[in-house]
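The values are calculated or read from the model by the stated rules, or taken from the named source; none is laboratory data. What you see is a predicted model; the values in this text were computed from it and never measured. Here the Cβ is made from the backbone with ideal geometry for all residues, glycine too, and neighbour counts use every protein chain on show. The area values use the complete protein model at the heavy-atom level, side chains included, leaving out ligands, DNA and RNA. Shrake-Rupley method; radii C 1.70, N 1.55, O 1.52, S 1.80 Å.
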Amino acid sequence: MSSPKILITGANGQIGRVLTEELRKMYGQNAVLATDITKLDATNDPFEFLDILNKQRLKEIVEDHHITEIYHLAAILSANGEWNPAKTWNINLNGLLAILDLARDKELDKVFFPSTIAVFGTTTPRINTAQDVPLLPSTVYGMSKATGELWCNYYFNKYGVDVRSLRYPGIVGWQSLPAGGTTDYAVEIYHAALTEGHYECFLDENTRLPMMYMSDAIKATIDLMHADKEKIRIRYGYNLAAMSFTPAEIAAEIRRHIAEFKISYKPDFRQEIAASWTESIDDSNARNDWGWSPQFDLPAMTVDMLHHLKPMLQK
Ligand code: SER
């Protein structure tokens, strides 16, 4: 098979920035086209501006660059999404439908769609949450992702679009900042520990959520996209897990390296969102079907985060 020509939407988001770089390392700089609504700098190149709702532009880009695969990361996250539900639904769901239509019409090789633990809701069993469980998401973001999962499944069954999907937990990385999510605290806390010595957490101290280190999230994404087609039995978002922790536990782990670090708690509307998600995930399908296994737990992640962020933040 010839080398893929990849399009990434939302390339300048939290995951997009790291995934773009990783795919460029694998396939070469010019094999990966970054697209987003804002451009970072020349390191973004090759880059095209793309509003995901502009179908004509999307089609032109795919044609002009002879795209064979799309990683569709553009979306509005759980907390930000609540400020404008209609816009969030439009971008998250109609953006995906535009990608799926194009993949079908242009017979693209593969599409990646990131789903999330936000598809779960208060009717979902909270511990070791299985793949097929009741979904009653509390946020528009979660609604759009749960519905998006169904559309992915439909396009695979009905049109043979090779779309692959993961339910990411909260993602923590030093390379980029998340924007507008409920799990963002787990990134902010490392920055605050190194710069302020104190963090005011917007979640309650005992709110346990599934989380994953960025390098594991990138590995999972690339492993899934590289897996043999016959091994992919689930087209509506594989459960994916690495670790689960509470704000109190991550703070205690940071304190093992920065003894004077302090945390205080001032829960806001995001607490209710977090409380509607589950605590831990059963990802045995991903492990069995395509060999998923994570490398980082909370202690290892904390060492790596502080190692990378320290020289960046304490110049
Ligand atoms: N990290 C996301 C959020 O908090 C969940 O997928 O919105």
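When only residues in region 76-89 that are more than 15 Å from F269 (Cβ to Cβ) and open to solvent by 60 Å² or more (accessible area, probe 1.4 Å) count, which is farthest from the ligand (Cβ to nearest atom)? Among residues in region 76-89 that are more than 15 Å from F269 (Cβ to Cβ) and open to solvent by 60 Å² or more (accessible area, probe 1.4 Å), the one farthest from the ligand (Cβ to nearest atom) is A86. Do we find that Y190 is within 16 Å of the ligand (Cβ to nearest atom) and of a type in the set (F, W, Y) in this structure? Yes, satisfied.
For E249, indicate whether it is more than 26 Å from K25 (Cβ to Cβ) and without any contact (Cβ under 8 Å) to a residue 40 or more places away in the chain. Against the criterion (more than 26 Å from K25 (Cβ to Cβ) and without any contact (Cβ under 8 Å) to a residue 40 or more places away in the chain), E249 does not qualify.
The single condition among (1) within 14 Å of the ligand (Cβ to nearest atom); (2) over 27 Å from S284 (Cα atoms); (3) in a loop (DSSP other than H, G, I, E, B) that D204 does not meet is (1). Exactly one residue among P125, P137 is away from the ligand (no atom under 14 Å from the Cβ) and farther than 21 Å from I52 by Cα, and that residue is P125. Of the residues in region 48-55, at least one is modelled with pLDDT of 95 or more and closer than 25 Å to I117 by Cβ. Candidates are the residues of region 96-131 that are on the phi < 0 side of the Ramachandran plot and of a type in the set (S, T, N, Q); the one that is surrounded by the most Cβ atoms within 10 Å (Cβ to Cβ) is T116. Among the criteria (1) near the ligand (Cβ under 10 Å from one of its atoms); (2) buried (at least 23 other Cβ atoms within 10 Å of the Cβ), the one M214 does not fulfil is (1). Listed by position, the strands (runs of 3 or more DSSP E) enclosed by region 24-127 that each have at least 2 residues that are of a type in the set (V, I, T) are 32-36, 110-116. Residue selection: G197 satisfies the criterion of being away from the ligand (no atom under 16 Å from the Cβ), open to solvent by less than 30 Å² (accessible area, probe 1.4 Å) and either of a type in the set (V, I, T) or at positive phi (or both).
Of the residues that make up region 270-288, is at least one touching a residue at least 60 places away in the same chain (Cβ under 8 Å) and part of a strand (DSSP E or B)? Yes, region 270-288 has at least one match. In region 52-73, which residues are in contact with a helix residue (DSSP H, G or I) (Cβ under 7 Å, 6 or more places away or on another chain) and open to solvent by 20 Å² or more (accessible area, probe 1.4 Å)? The answer is L53, K55, K59, L73.
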